[in-house]
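The values are calculated or read from the model by the stated rules, or taken from the named source; none is laboratory data. Quantities reported herein were computed from a predicted structural model and do not represent experimental measurements. Note that each Cβ is placed from the backbone with ideal geometry, even for glycine, and that neighbours are counted across all protein chains shown. Note: areas computed on protein heavy atoms with side chains; ligands, DNA, RNA excluded. Shrake-Rupley method; radii C 1.70, N 1.55, O 1.52, S 1.80 Å.
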Amino acid sequence: MKIAHISDSHLGYAQYNLIERKADFFKAFEQAIDRIIESNVDLVIHTGDLFESPQPDMTSLSKTIKQFKKLKEKRIPVVAITGNHDRTLRKGKIPPQKILEDLGLLQLISPHGEKVFGDLYIAGIQFMPGSHLKELSKKIFPEFSENAVKHRFSIFMFHQGIDTYLPYEGAAEMSMSDLPEGFTYYAGGHIHNFIHETKSYFFSYAGVTEFRTVKEAESTSRGFNIIDLEKKSLERIKLENLRDFLSFTIEEGNDENVKLEEITEKASECPIPPIVVIKYLYTEKPFSETTAIKRLKEKALIVRVLQKNISEKETEKLKKTTSIEEIVRNYFKDQRKFVQDLSVELATSSTEHTAEILLKFLEEKTGLKITF
């Protein structure tokens, strides 16, 4: 039995407030659906964050319905759970996946539950905080395990971070040992990197269909997984011909304009105007607009410059600070552009990512790892 495992599509996300980026997320998802159909799978599972928001705009919802209709026409069933982005917290509200279920396009497991397809048993749980999950799992996971071993094949779907794969203490909702026993395959969502584990369990995170950050572009691939439950094998299907993310580091006084011209040339070679991120390291003079950077912007969809003061004096000054307030006041008091960029990123991102965005931003700008 072959299963397509897809996750974290974030449909409807207009990254950087750009309509082009919103289209990119749909282009990647459409390619994934076409590749899934070509792979002749028996079933599709989506492990959360299908949408960027629990209230997607009507255009996004309509485009999504069109893609799932393609699967229905091929008689490929779909099982889904909600993630932290597309679950609804208000009483009486429904997640957008429920609309797709009402249209007969998928079967939704929310907040937790089971589905059976002949010899295949599927149990799942939507995103929920670790404190809530810990108590709930004691009640429902033993029953999931009992039912899993009664079937030839079984899948456990979840949208939680596992501590082994997250860098920040307290960021994970569960540990690997918290997973219910007895399942053939463990299908994870929420962590955006593609991860495949076979030591303890036959397990994977499917990653993303489109990158949300440059860090993701540097460390993982856009795509989904094809799972053969009989052979316990995984095939990674990478999505192609999508917008490039280009990342570069420039140091102050190291022929900045020459470097920018080289970056412009690489951007010009991309079939689609890329997203360009430049990490600028300086000791005295921050980065400033030049003719070279203007030429680069003509070749890219967007150019983001992340600046970091690496002088010993600045680092020592920061080390003497004892609070978030001091770091913000002392380091950013003359950095209005940085704060503006941060404000835009916070305004265009889900509230669930606020802490992560702030931590990464402060670490990039100060060199210090800070915990709240």
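Taking each residue as 0.36 nm, the span from residue 57 to residue 230 lengthens on full extension beyond its C-alpha to C-alpha distance by 58.3 nm. Residue by residue, segment 161-171 carries 3J(HN,Hα) couplings of x, 9, 4, 4, 10, 10, x, 9, 5, x, 7 Hz when phi is fed to the Karplus relation 6.51 cos²θ - 1.76 cosθ + 1.60 (θ = phi - 60°); x denotes Gly or Pro. What the phi angles of segment 225-242 give under the Karplus curve with 6.51, -1.76 and 1.60, with θ = phi - 60°, is a coupling list of 10, 9, 10, 9, 5, 5, 8, 6, 10, 10, 10, 8, 9, 8, 7, 10, 6, 9 Hz, glycine and proline written as x. Shown for segment 49-99: lysine pairs separated by 8 or more places, or found on different chains, whose C-alpha atoms are under 29 Å apart, numbering 16. Solvent-accessible surface of segment 120-176, averaged per residue with a 1.4 angstrom probe and all protein chains in place: 46 square angstrom. For a test of the definition: using alpha carbon positions, the gyration tensor, and the 1.5 limit on a/c, classify segment 226-277 as rounded, prolate or oblate. Taking the square roots of the gyration eigenvalues as a ≥ b ≥ c, segment 226-277 is prolate. Can you pull a Stokes-Einstein diffusion coefficient for segment 1-144 at 20 °C (1.002 mPa s), Rh from Kirkwood over Cα pairs, as a whole number of µm²/s? The estimated diffusion coefficient comes to 135 µm²/s.
Measuring between their Cα centroids, segment 47-70 and segment 158-199 lie 25 Å from each other. Annotation for residue 221 and residue 34: the two label points, set 7 Å from Cα along the Cα-Cβ direction, are 1.9 nm apart.
Loop-located chymotrypsin sites (Phe, Trp or Tyr not before Pro) in segment 60-150 (DSSP state not H, G, I, E or B) with no more than 11 neighbouring Cβ atoms inside 10 Å do not occur.
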